[in-house]
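Student: Below you will find the structure I want to go over with you.
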Amino acid sequence: MTVLEQPGAYRPAPAPAWQPRTDPVPLLPDSEPYRLLGTGADLDPGLLRTLYAHLVRGRRYNRQATALTRQGRLAVYPSSTGQEACEVAAALVLRERDWLFPSYRDTLAAVARGMDPAEALGLLRGDWHTGYDPHRHRVAPLSTPLATHLPHAVGLAHAARLKGDDVVALAMVGDGGTSEGDFHEALNFAAVWRTPTVFLVQNNGFAISVPLAKQTAAPSLAHKAVGYGIPGRLVDGNDAAAVHRVLAEAVERARRGEGPTLVEAVTYRIDAHTNADDATRYRGDDEVGEWLEHDPVALLERELAERGLFDDATRDGAHEEAEEMASLLRDAMNEDPVLDPMDLFGHVYAEKTTQLGEQAAQLRAELDAENDDQDGNGGNGGDGGHAGNIAGGER
């Protein structure tokens with residue numbers, strides 16, 4: 001009797017009745033990033049003008065927000081300068097009822113979706129945990145923890161499909177976020193459940209100071225899609241028209257019920273990781289200069305000029321609108337926020353728990369006692385005065 005003939009011996013398992021798709025070819029990205037600008041492709045002039053106006057406005061938004069950090073009006077700002085084409089395209093391809101799931105660097109995408117520029121910066125100034133109503137704007141809270149919002153996007157998209165809602169969730173993440181477990185879990189769930197989710201990876205070259213080569217040995221981040229059985233697309237992230245087309249196709253594919261897509265946009269972070277980062281410690285000026293020659297705003301200006309669609313009125317109009325936005329943003333951020341400590345308990349649970357009610361009552365008593373003490377010592381008294389003092393102390 002051989003070993004394999006013994007009772008209980010190992011037997012090769014029979015082939016399962018259901019086999020996953022095994023042909024990877026339809027899922028693989030192209031060997032080179034997809035491009036449209038400079039190729040003579042048939043492009044909608046109206047779309048090109050719209051993209052240009054948003055890019056100019058986005059560039060000005062990034063510069064103004066960066067200046068606000070130097071003035072002490074923002075605690076921190078992760079600039080998306082150089083990545084504006086990805087930010088704008090992600091917002092413009094979505095319908096009003098769709099959802100955008102941004103990372104901490106994607107405030108511009110939220111603004112391009114229609115959010116007030118100052119409201120989008122509420123979290124980064126420290127006014128609120130989020131700074132805006134996610135349901136009103138269909139924009140999830142800015143995610144500072146890397147990639148934790150990706151499973152949320154999958155869950156929302158899956159729930160919407162179960163309810164019969166025609167909704168797509170577009171989730172944005174950086175190349176550093178692809179090294180997190182949440183990224184892989186989200187892609188696997190999305191693929192298995194065929195959720196209407198689009199994953200946009202903005203590969204800007206660095207996870208803070210860690211270059212991509214130290215994160216992955218894959219041919220590209222888009223190639224990771226094949227491991228989950230979904231299509232991967234590789235696109236020039238500074239080509240606004242190309243990013244818009246690739247994302248639009250992925251969104252409509254998801255809306256038709258054909259499942260998720262992973263899109264890698266190859267771009268570059270021109271500014272430092274945040275205002276607290278010294279980028280000169282890990283990259284040189286020559287590298288930044290090469291990418292400045294591939295600037296998304298300049299690329300689109302050149303395309304518009306070659307098509308006879310760019311003139312002084314187009315340029316001046318876009319810049320005037322951008323300056324008006326920057327002026328309103330400065331005015332809004334120069335106003336000191338009025339903060340009420342009791343707001344800490346206002347948006348925790350739909351129905352306040354007993355413990356939360358006890359904590360709120362304790363704080364309320366402490367505030368009242370302090371206000372009584374201020375009144376007795378000639379203070380201004382009242383909750384508003386106390387909240388103003390709290391706000392002043394935290395600025």
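The values are calculated or read from the model by the stated rules, or taken from the named source; none is laboratory data. Source: prediction; values computed, not measured. Cβ sites come from the backbone with ideal geometry, for glycine too, and all protein chains shown count toward neighbours. These area figures cover heavy atoms from the full protein model, side chains too; ligands, DNA and RNA do not enter into them. Shrake-Rupley method; radii C 1.70, N 1.55, O 1.52, S 1.80 Å.
Student: Is the C-alpha gyration tensor of segment 139-297 telling us rounded, prolate or oblate? Criteria: a/c under 1.5 is rounded; beyond that, a/b larger than b/c is prolate, otherwise oblate.
Tutor: Here segment 139-297 falls in the prolate category.
Student: Moving on to the next point. Using a 7 Å offset from the Cα along the Cα-to-Cβ direction at both E293 and E258, what is the distance between the two label points in nm, to one decimal?
Tutor: With each label point 7 Å from Cα toward Cβ, the separation is 3.7 nm.
Student: Would you compute, from DSSP H runs of 4+ residues alone, the mean residue ellipticity of the chain at 222 nm, taking -39500 (n - 2.57) per run and dividing by the full residue count, rounded to the nearest 500?
Tutor: Only helices count here, giving -14000 deg cm²/dmol.
Student: Return a whole-number percent for the relative contact order of the chain, with Cα pairs under 8 Å and 6 or more residues apart as the contact set.
Tutor: Computed value for the chain: 20 percent relative contact order.
Student: Consider a paramagnetic label point 7 Å from the Cα of R281 along Cα→Cβ; state which residues of segment 78-122 have an amide N under 18 Å from it.
Tutor: 78-79
Student: OK, next. So which chymotrypsin sites (Phe, Trp or Tyr not before Pro) in segment 60-109 are both in a DSSP loop and have at most 15 other Cβ atoms within 10 Å of their Cβ?
Tutor: Those that pass, being in a loop and sparsely packed, number zero.
Student: Further question: Could you sort 347-360, 110-123, 293-306 so that the peptide with the highest average Cβ count within 10 Å comes first and the rest follow in order?
Tutor: Highest-to-lowest ranking by the protection proxy: 110-123, 293-306, 347-360.
Student: Restricting to DSSP loop positions (anything but H, G, I, E, B) with no more than 12 other Cβ atoms inside 10 Å of their own Cβ, which chymotrypsin sites (Phe, Trp or Tyr not before Pro) remain in segment 241-320?
Tutor: Taking segment 241-320 and a limit of 12 other Cβ atoms within 10 Å, no loop chymotrypsin sites (Phe, Trp or Tyr not before Pro) are found.
Student: Determine the share of the chain's accessible area contributed by carbon and sulfur atoms, expressed in whole percent, with a 1.4 angstrom probe.
Tutor: Using a 1.4 Å probe with all protein chains present, the chain comes out at 51 percent carbon and sulfur.
Student: Still on this model: For the chain, what proportion of DSSP beta bridges, expressed in % and rounded to the nearest 5, is antiparallel?
Tutor: Close to 10 percent.
Student: Near K214, which lysines are there with a Cα under 18 Å away, not counting those fewer than 8 places off in the same chain?
Tutor: In chain and number order, the partners are K224.
Student: With Rg and Dmax of the Cα atoms in Å defined as stated, name the option among (i) 24.9, 100; (ii) 19.7, 60; (iii) 21.1, 69 computed from the structure displayed.
Tutor: The value computed from this structure is option (i).
Student: For the chain, modelled as a GNM with alpha-carbon contacts under 10 angstrom, which of T314, T39, T178 fluctuates the most?
Tutor: Among T314, T39, T178, the largest mean-square fluctuation in the Gaussian network model of the chain belongs to T39.
Student: Would you list, by chain and number, the aspartates and glutamates whose Cα falls below 14 Å from the Cα of K352, excluding same-chain residues fewer than 8 positions away?
Tutor: D343
Student: Mind listing which GluC sites (Glu not before Pro) in segment 42-106 are in a DSSP loop and have 14 or fewer other Cβ atoms within 10 Å?
Tutor: Sparse-neighbourhood loop GluC sites (Glu not before Pro): E96.
Student: Please work out how much length the chain gains when fully extended from E249 to A218, using 0.36 nm per residue of separation minus the C-alpha to C-alpha distance, in nm with one decimal.
Tutor: That works out to 8.7 nm of additional length.
Student: What accessible area per residue, rounded to a whole number of Å², is obtained for the chain using a probe radius of 1.4 Å?
Tutor: 50 Å²
Student: Once the convex hull of the C-alpha atoms of segment 228-345 is built, how many Å³ does it hold per residue, rounded to a whole number?
Tutor: 252 Å³
Student: In addition: Taking the mean number of other Cβ atoms within 10 Å as a proxy for protection, how do you rank 71-81, 207-217, 320-330 from highest to lowest?
Tutor: Sorting 71-81, 207-217, 320-330 by mean packing, highest first, produces 71-81, 320-330, 207-217.
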